[in-house]
Structures are given as C-alpha cells and as structure tokens.
1. Could you give the angle, 0 to 90 degrees to the nearest 10, between helix 214-226's Cα long axis and the longest principal axis of the Cα atoms of the chain?
2. Using every pair of alpha-carbon atoms in segment 83-337, split the distances into 10 Å bins beginning at 0 and state the percent of pairs per bin, rounded to integers.
3. Please give the net charge around residue 199, taking every other residue with its beta carbon less than 13 angstrom from that of residue 199, where Lys and Arg add +1 and Asp and Glu add -1.
4. So who's got an amide H within less than 5 Å of the one on residue 85, skipping anything under 5 residues away but keeping other chains? H placed 1.01 Å off N, in plane.
5. First select every other residue whose beta carbon is under 14 angstrom from the beta carbon of residue 306; then total the charges, Lys and Arg +1, Asp and Glu -1.
6. What angle, in degrees between 0 and 90 and rounded to the nearest 10, separates the Cα long axis of helix 144-157 from the longest principal axis of the Cα atoms of the chain?
7. In whole Hz, with x marking every Gly and Pro, tabulate ³J(HN,Hα) for segment 124-136 from phi via Karplus 6.51 cos²θ - 1.76 cosθ + 1.60, θ = phi - 60°.
8. At what distance in angstrom do the alpha carbon centres of segment 14-73 and segment 218-234 lie from each other?
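A short reminder: the numbers here are calculations on the coordinates, not readings from a lab. None of the values given here were measured: they were computed from a predicted structure. As a convention, Cβ positions derive from the backbone with ideal geometry for all residues, glycine included, and neighbour counts pool all protein chains shown.
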Amino acid sequence: MLIVLTTDVTPQAQKAVEDRVRELGFTPHAIEGAGRTAIGITGNKGPVDPGHFRLMEGVADCIPVTAPYKLVSREVKHEDTVVDVAGVPIGGREIVVMAGPCAVESEQQILAAARGVRKSGASLLRGGAFKPRTSPYDFQGLRQKGLELLEKARGETGLKVVTEVKDTETLPLVAESADLLQIGARNMQNFSLLEAVGDLRKPVLLKRGMSSTIKELLMAAEYIVSRGNKQVILCERGIRTFETMTRNTLDLNAVPMLKAHSHLPVVVDPSHGIGIRSAVLPMARAAIAAGADGLIIEVHPDPDRALSDGMQSLDLPRFEVLMREIEKIASAVGRSLHRITA
Ligand code: PEP
Ligand code: MN
C-alpha cells in the first residue's frame, strides 16, 4: 500500500505514520514526489488495512499497490527518477552515453579509449576490471590494476566511471573506484550481490539477465531499492532467443514496458544486444527513438586486437559517427545529449 501524505504534512506527523507502519511489523519507505511525499510499505504478506492510517494527521490517501515490484513501480512513484552519477543526471531530458572497451587491458588502451570517447561526447567511461567470462581460460580482467587505470583515465578526462562488480568479496574495492556499479547479466539474480549493493548509497546499473523476463528485472531492482538504495538504472542488453544470426536479440520492447511500469531510468546496450560491429549504430538509433535514457557502447581503439568482445566493439571514428547520429535522433524525440563540462 501507498500512504499519500498531504502537501503541508509536518515532520512529526510523517514520523508518526512511519512509526505506525513499524508497529505493524512492516517497513516504511519515504518516496519524495514533485509536490508531495508518500510512504510505501514493504514486508506485508497480504493487503494492509487502510483503516490503520486513514484518520492520522497528514494522511491524504491510502492506495493499494498491485504490482509485486512495489518501490520501483510507477504506481508508487509517478515521476521519473533521475539518478545522479557523480553529477551526471540519468533519467531526465538528456541522453547520457557511456562508452569504452569491454575490458581494461592496458594503460595505453584505456587512456586512448577515454580520450577518444570524451572528445566525441560520452559522459561515462566503461571498462571491466573484473570480467565474468564464459570460459575460465579467457582474459579475466586486470582486476585491481584495472580499477587504478580507470581512476587514472577519470582523472585525466573528467569522465565518470562505470565498471562491473562481479561478487560481494570484491564489492568494497570496486565501489571505491566506480561512480556507477554495473551488475552484469550473469548476476542479475545473484541476490546476495543485489542486497549488498542495496546497502550502499552508490548508483547501480542493473543489466537484464539473458534469459530473464522484464518482470524479473524489475523484481531484481526491487531487491536493491528495498534495502534503501534508490539509485538504480535498468539496462536492456539483449536476450537469448532462437535467433542465431545475432549474438542476442535486443528486446527494445523492454524500453516502453519498463518506462510504463517503473519510474527508474532505462539504458540500452546495443553492443551486447546484437553483437555485430556494423549493426550497433542502427540499434543505438532505435533505442533512443524508443525512449531510452542512455546508451552503453563498447568502443576500443583497436577492436581487432581486443581481448574481449572485439567483434562488437566500435573503433573511435565509428563511435564519433554514432554520437552524431544519436544527437539527431535525440533532437527528433525532444531530447538532447548530455555533455560533461569539467
Ligand atoms: C559487459 O558489459 O561487458 C558485459 C559482460 O555485459 P553483460 O553482463 O550484459 O553480458
Ligand atoms: Mn563485453
């Protein structure tokens, strides 16, 4: 249930409502809207009796919430959530582009990628330091050294850093370096990891599992938000289907569905979504046209020599073309490209 408070509610009256929720054995979550605050309730097994709250001071309305994912649903919060990633707003009018290699490979590689994507207008640098690879014999990432190199690239270019956190053991280390913590497709239902990032107050980019439904993605986001971390960005990165000509099937249906059912920002990863370098640009255009709030794109200064995902990585000139194209689509749908100023 959602308890909508009056616009002139006093802090004491709000606290009394929250205390009543706790007395009933549930957890209150304050949700700030544009004009008013509401209190979401979690921990209840069935419907909560509105009679507990209806006559309390400062209560305007009690609304039942039907979605199983409560706190991330539009029912509970009507306005779009804008996640602040170290000063870069994601989920507002501006489109945010994150770009960089699949994995950090060397100082020279990450600095060349960072300088190039910054010049073309990206706001965040991507790059895996801890890589969850399908084969144990494949490059697993530079780990701590990779994080140090990302920090160096951020220091030089001003780009914010998004990097994957693979497990709870390395979370403290990764959280120290990252501005945005990426949870990969393979970990979307790693519930201990979801709970651990839910206990932090750092933005999270949650990628859709390759065989997960849209509802399961929203339930995974709910794990994070229900622990108090409201800064979650959803990412569509393609799903497994019967199609074999492409690496995955980029499910752009997910963009309007997620937008309709949740207030969280939605970013699309066309690189993993299609897996073919020459096809990344049209799918990136389509994602923005479909209403995505941003893109995450794999870019490598020398894609043919990349240690992972080279076949879907753009070189720097191709990325520059993509950014120009994205800008056109953004303006056609009434949006613009975010550019960092620092
Ligand atoms: C990645 O971003 O490089 C990655 C491993 O993505 P995903 O988790 O979507 O496969
Ligand atoms: Mn990759």
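1. 70 degrees
2. Reading upward from the zero bin: 8, 35, 41, 16, 0.
3. +3
4. Close amide H contacts, sequence-distant or interchain: 90.
5. Net local charge, residue 306 excluded: -1.
6. The angle comes out at about 90 degrees.
7. 10, 9, 9, x, x, 9, 10, 9, x, 9, 4, 9, x
8. 18 Å
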